[in-house]
Amino acid sequence: MVKLIHWKIKGNIQDMNIRKAENNDLKTIVSLSPQAVFDGTLGEARPSHSKIDSMVNPLLEKGGFYLVAIDEEKIVGWLLLGTTKDQFTDEAIGFIYEIYILKDYRGQGFSKELMKAAIMHFRQEGYAEVRLSAKADNPAVRIYENVGFKTRTVSMSLNLK
């Protein structure tokens, strides 16, 4: 079984490193996670650090982990990946729980490379499918589609306030 450790990607814009997050990286990720959720929910939610911990720690305890994108020795983004089960078939599937790129580094290919690294990991681990969730009007949906993701379900909401 091939294990995910490290990638060096050479691109037209810059060289970037993608690697599994180390313990000292988690402090940076946790400190920025409320902003990541705020951006990902298009301003609808900014959870506390304790709420982030209560959402992320169970994923990490079950074997999930972060990939980090590094540019010039600085974390410029991350992706949280793990597994879940299909609600109807109980089949194990890969799941991308979070992806975030610092504002100054968006549009430079970091998201796409993090996604490709996660997909490669799931493929190497033998998963038949990878899923993620996103707000329908989040511009990042185009990135996910460009990597090959297709809309599978639609979650709908009715605001009662």
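The values are calculated or read from the model by the stated rules, or taken from the named source; none is laboratory data. Because the structure is predicted, anything quoted here is derived from the model rather than measured. Because the Cβ atoms are built from the backbone with ideal geometry, glycine has one as well, and the counts that use them run over all protein chains shown. Each accessible area value is taken on the protein alone, full model and side chains, heavy atoms only, with ligands, DNA and RNA left out. Shrake-Rupley method; radii C 1.70, N 1.55, O 1.52, S 1.80 Å.
With an a/c value of 1.5 or above and a/b not larger than b/c for the gyration tensor axes a ≥ b ≥ c computed over the alpha-carbon atoms, the stretch 24-77 is described as oblate. Net length available on complete extension from residue 103 to residue 35 is 23.4 nm, with 0.36 nm assigned per residue and the Cα-Cα distance removed.
Rounded to the nearest 20, the size of the Cβ-charge dipole of the chain about its Cα centre is 200 debye, with Lys and Arg at +1 and Asp and Glu at -1.
Helical content of the chain, expressed as a calculated mean residue ellipticity at 222 nm, amounts to -10500 deg cm²/dmol (DSSP H runs of 4 or more residues, -39,500 (n - 2.57) each, divided by residue number, nearest 500).
Centre-to-centre separation between the Cα atoms of the stretch 32-76 and those of the stretch 111-125: 18 Å.
What ratio of Cα Rg to 2.2 N^0.38 Å holds for the chain? Don't skip to the end; give the middle numbers.
Values: Rg = 15.7 Å, N = 161, 2.2 N^0.38 = 15.2 Å.
For the chain, the normalised Cα radius of gyration is 1.03.
Taking one equal scatterer on every alpha-carbon of the stretch 96-161, how large is log10 of I(q)/I(0) by Debye at q = 0.15 1/Å? Those come out to -0.56, one per q.
What does the accessible area per residue of the stretch 1-156 come to in Å², with a 1.4 Å probe and no ligands, DNA or RNA counted?
On the way: 9710 Å² over 156 residues.
For the stretch 1-156, the per-residue accessible area is 62 Å².
Relative contact order of the stretch 50-98, taken over Cα pairs closer than 8 Å and 6 or more residues apart, is 26 percent.
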